[in-house]
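Please treat every number below as a calculation from the coordinates, not as lab data. On a predicted model such as this, the values are computed, not experimentally measured, just so you know. For neighbour counting, all protein chains shown are included, and Cβ atoms are generated from backbone atoms with ideal geometry for every residue, glycine included.
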């Protein structure tokens, strides 16, 4: 179909019935202005990395707590370091 065509409608000889054969889809309007898109993308990426950090830290904390008494305290620094490393990877590789 040609680019300028929006709709093709077939009309019966009686004029009673119409049938749309082709209808061009409208483009969705962008929700963010062009100059704000990179900032929005960066914000979303940062939020995902922070979510990864929190989830990873919580699961490692629970694992250390289950393993041994006061394990969460002993492994706290290491767990934080590993969670932050995972979040940094998520932040840079997306």
**Request:** Compute the long axis of helix 37-67 from its Cα atoms, compare it with the longest principal axis of the Cα atoms of the chain, and write down the angle in degrees, 0 to 90, nearest 10.
**Result:** 40
**Item:** Rounded to 10°, Cα long-axis angle of helix 76-93 versus longest principal axis of the chain
**Value:** 30
**Item:** Potential lengthening between residue 89 and residue 44 on full extension [0.36 nm per residue; Cα-Cα distance subtracted]
**Value:** 14.7 nm
**Asked** How many angstrom separate the Cα center of segment 79-94 from the Cα center of segment 1-49?
**Response** 38
**Request:** Just need the relative contact order of segment 40-94 here, percent rounded to a whole number, with Cα pairs under 8 Å and 6+ apart.
**Result:** 50
**Asked** Based only on the alpha carbon positions, what is the Kirkwood hydrodynamic radius of segment 40-94, in angstrom?
**Response** 11.6
**Prompt:** If you build a Gaussian network model of the chain, linking Cα atoms that sit under 10 Å apart, which residue out of 44, 82, 69 swings the most?
**Reply:** 69
**Prompt:** Out of every Cα-Cα pair in the chain, what percent are more than 20 Å apart?
**Reply:** 65
**Request:** For an R0 of 22 angstrom, estimate the FRET efficiency from the Cβ-Cβ distance between residue 29 and residue 6 and round to the nearest 0.05.
**Result:** 0.80
**Item:** Rel. contact order, % - alpha carbon contacts under 8 angstrom, at least six apart, the chain
**Value:** 22
